[in-house]
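Taking it in order: structure first as structure tokens, then the write-up.
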Amino acid sequence: MSPSPARVGLFVTCLVDLMRPAVGFAAVKLLEDAGCAVSVPLAQTCCGQPAFNSGDNADAAALARQVIDAFVDYDYVVAPSGSCCGTIKVHYPELFADDPEMLERARDMAARTYELTTFLNDIIKAAPVEGRFERVATYHDSCSGLRELGIKTQPRALLAGIAGLEIREMHTAETCCGFGGLFCVKYPGISEKMVDVKADDIIATGAEVLLGGDMGCLMNMAGRLQRRGVAIEVRHVAEVLAGTTDTAASIGEAQK
Amino acid sequence: MDSTAHAFKNNVRTALDDGKLQTALKLFPEGFPVKRRLAMDRLPEFDALRDAARDIKNHTLAHLDHYLERFESKVIDSGGQVHWCPDAESARQTVLAICRDAGAKTVTKGKSMIGEEIAINESLEKAGLRPVETDLGEYIIQLRHEPPSHIIAPAIHLSKDQVAEAFRKQHTHLPADRPLEEPAVLLDEARAVLRREFLAADVGITGANMLVAETGSMVLVTNEGNGDLTQTLPRVQIVIASIEKVVPTLEDATTILRVLARSATGQEMSVYTTFTTGPKRPEDLDGPEAYHVVLLDNGRTKMLGSEFQDMLRCIRCGACINHCPVYGAIGGHAYGWVYSGPMGAVLIPNLIGVEATADLPNASTLCGRCEDVCPMRIPLPRMLRQLRAHQFSRNIGPSSQRYGLRAWAFLARRPALYRLAMRLGVGTLGAWGRRRGRFRSLPLAGGWTRSRDLAAPAGQTFQQQWSARGGARS
Ligand code: SF4
């Protein structure tokens, strides 16, 4: 480690901020354990993906500008979501294609931004994460992270350091779960069909726990499994890596 | 073909409630995608070939006028004719005039998406001609009077029982109680029926997978050989093709052939790959006396030079459809027009307008698998987003969603106000949902809770808790 720790701005993501703060704290713990100085800029709300994916480019660009301003001072920007990072790394530069000054800043931000497991595994490369979680789990690769950022091996490599944890892969780990942001409420019938295919496959692995790196997908799958009366615990990978699974109930379960 | 894309949501409901369709779709991911994967694994240079194929098409599209004119002059040199048709109606009239001049009664047809696009069968029937589809899948759906549900496997939505039912109903010259359980028996019956038609046809119409500017040839790829009988047996041959099918050279055509079948069905090559140039020459043993190419624009030149030009690279392999989880849930008919899946969701609005097709670009999670498998590296998700941006700027689509989005964006652009609003919302929801941890239903959240429980928020936002723990340190 260099004497002055890496300054990391945590992009909490709107879903973690609102729905699951435990994931944010798990991310802070992992980053601090890796020797980073973590800050959480107040002026962050959402990366703008809902606007961008709805074709509302003006609002998307305004939000992008806000995020770029908020995170200008950090060596790295880290978010517990492949989807938000995909927006920042891949789509912010697209949004400012016609604005040379902002394009420059968007590219600079994109180059400093990493999804949490990628940052821990590929960039900061601190000591391996250690812990214990004696369960059988399966891992869902969320689409944006997988296809826009190539996140596949990183979470699995980190999870390998967790004693007692067995990962059983599903056939459709790389198939979309049917969340798709606003898609799941605009086209609920199609979304239900998609998440059912996924749920069947999750159940078929015999896993007790479903892990993933994106809150939207996890809430979607958790919600469907629970509606079908299936008792599979759903968690963000950061919680298992940080060893904080005892402090927060899994997604959609009542606090003990 | 008339579009029902404006009724997409209804079409989806019908598709989701159709038990037979859903059974057929369940088998879908085990078929083509698995075969494609195996074909990729056997060809390490596949990605390099994709780049080469993309570059060939990009070059061609940049000089499309040149290559089309070159193609035309080569067709004329070989004794054929080229008809330039700006739209579906002119293509239909051209085909009808050729048939009339030939005194035709029966027309055999190879599978052609352009044929579907211009609804050629209906207009032939109206003019008193008898069009007979000769591709097995197309033949089946012609008997059932329905459009194809997939660009390379038109009858993929049907079970063999449904095929047997159609045969029993239409082949009335055969004993009604004949056994039709085995696929091979169905195939033999279709073959016997079609054989007579091949021999009786006056005009043969096929599509083209590619047109070669260098030689004036057309390239046709099939697995059943029906396309070749359709081309060579009748007196008159008509090729109907859209303008973006042209490639500069034979060499280019073979490069694209190397990615086409592999992406489509996982075959190294299709069973039949035929290059045809002009009508029968004196020394030829067989072939048509007259050779016509009907070149269709139908909206494509408008895409040239636009942000949708990349879509014109499409070689109709169907890989994006085969890997699309939305298509896997609803099948092809729900899209409401000739094309389907991701390529359809981009192409249909471009060809028939964005107003009556507003759902198509939205009904996607943008999961990106289509772009991943597209041999021509077409950025399908990017174009779906661009179509959404067009809709947004032109106020197309439900206004409630737009207002909701604008309201949310208004808040999200004001972090202090946003934090306050979220604190209040999350506090209330968190208090309501504390006991069970989730909601089975919630006002305004019906789209979500119809089929899923909704996890309750923890009661305090991360930002709130973080500030309480020692203040934001930014
Ligand atoms: S868009 Fe690509 S994958 Fe889809 S049919 Fe066209 S070439 Fe094939």
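The values are calculated or read from the model by the stated rules, or taken from the named source; none is laboratory data. What you are looking at is a predicted structure, and each value in this text was computed from that prediction instead of being measured. Note: ideal-geometry Cβ built from the backbone for every residue, glycine included; neighbour counts use all protein chains shown. Remember, those area values only see protein heavy atoms, side chains included, never the ligands or the DNA or RNA. Shrake-Rupley method; radii C 1.70, N 1.55, O 1.52, S 1.80 Å.
Just to be sure before I move on: is residue B:402 surrounded by fewer than 22 Cβ atoms within 10 Å (Cβ to Cβ), farther than 30 Å from residue B:465 by Cα and either among the β-branched types (Val, Ile, Thr) or within 16 Å of the ligand (Cβ to nearest atom) (or both) in the structure I sent? No; evaluated as a whole, the condition is false for this residue. Against the conditions (1) part of a loop (DSSP other than H, G, I, E, B); (2) under 30 Å from residue A:228 (Cα atoms); (3) more than 16 Å from the ligand (Cβ to nearest atom), residue B:364 satisfies every one except (3).
Any idea which residue in the range B:455-465 is farthest from the other protein chains (Cβ to nearest Cβ), counting only those that are assigned to a helix (DSSP H, G or I) and surrounded by fewer than 23 Cβ atoms within 10 Å (Cβ to Cβ)?
Result: B:464.
Limited to the range A:39-60, what total is found for residues that are outside any loop (DSSP other than H, G, I, E, B), under 19 Å from the mean Cα position of the chain (by Cα) and either over 25 Å from residue B:423 (Cβ atoms) or facing chain B (nearest Cβ under 8 Å) (or both)? Qualifying residue count, the range A:39-60: 5.
Within 7 Å of another protein chain (Cβ to nearest Cβ), touching an Asp or Glu at 6+ places or on another chain (Cβ under 9 Å) and not small (Gly, Ala, Ser), is that true of residue B:452?
Spelling it out, residue B:452 is indeed within 7 Å of another protein chain (Cβ to nearest Cβ), touching an Asp or Glu at 6+ places or on another chain (Cβ under 9 Å) and not small (Gly, Ala, Ser).
Out of curiosity, is residue A:55 touching a residue at least 40 places away in the same chain (Cβ under 8 Å) and farther than 30 Å from residue A:253 by Cβ? For residue A:55, the condition - touching a residue at least 40 places away in the same chain (Cβ under 8 Å) and farther than 30 Å from residue A:253 by Cβ - is not met. Only a single criterion out of (1) without any contact (Cβ under 8 Å) to a residue 40 or more places away in the chain; (2) part of a helix (DSSP H, G or I); (3) under 30 Å from residue B:359 (Cα atoms) is not satisfied by residue A:174, namely (2).
Cβ-Cβ distances below 8 Å connect the following pairs, each with a first residue in the range A:197-212 that is part of a strand (DSSP E or B), a second residue that is acidic (Asp, Glu), and a separation of six or more residues or different chains: A:209/A:233; A:210/A:233; A:212/A:141. Look through the range A:217-236, keep the residues that are touching a helix residue (DSSP H, G or I) at 6+ places or on another chain (Cβ under 8 Å) and open to solvent by less than 10 Å² (accessible area, probe 1.4 Å), and return whichever of them is nearest to residue A:79 (Cα to Cα). Out of the qualifying residues, it is A:236. Taking the range B:372-390, which residues are open to solvent by 10 Å² or more (accessible area, probe 1.4 Å) and more than 12 Å from the ligand (Cβ to nearest atom)? Residues satisfying the conditions are B:382, B:385, B:386, B:388, B:389, B:390. Taken residue by residue, the range B:435-447 has no member that is modelled with pLDDT of 90 or more, out of contact with any helix residue (DSSP H, G or I) (no Cβ under 6 Å at 6 or more places or on another chain) and within 9 Å of chain A (Cβ to nearest Cβ). Tallying residues that are more than 8 Å from every other protein chain (Cβ to nearest Cβ), open to solvent by 10 Å² or more (accessible area, probe 1.4 Å) and not in a helix (DSSP H, G or I) within the range A:17-35 yields 1. Within the range B:372-400, residues that are within 7 Å of chain A (Cβ to nearest Cβ) have Cβ atoms under 8 Å from residues that are within 12 Å of the ligand (Cβ to nearest atom) in these pairs: B:372/B:323, counting only partners at least 6 apart in sequence or on another chain.
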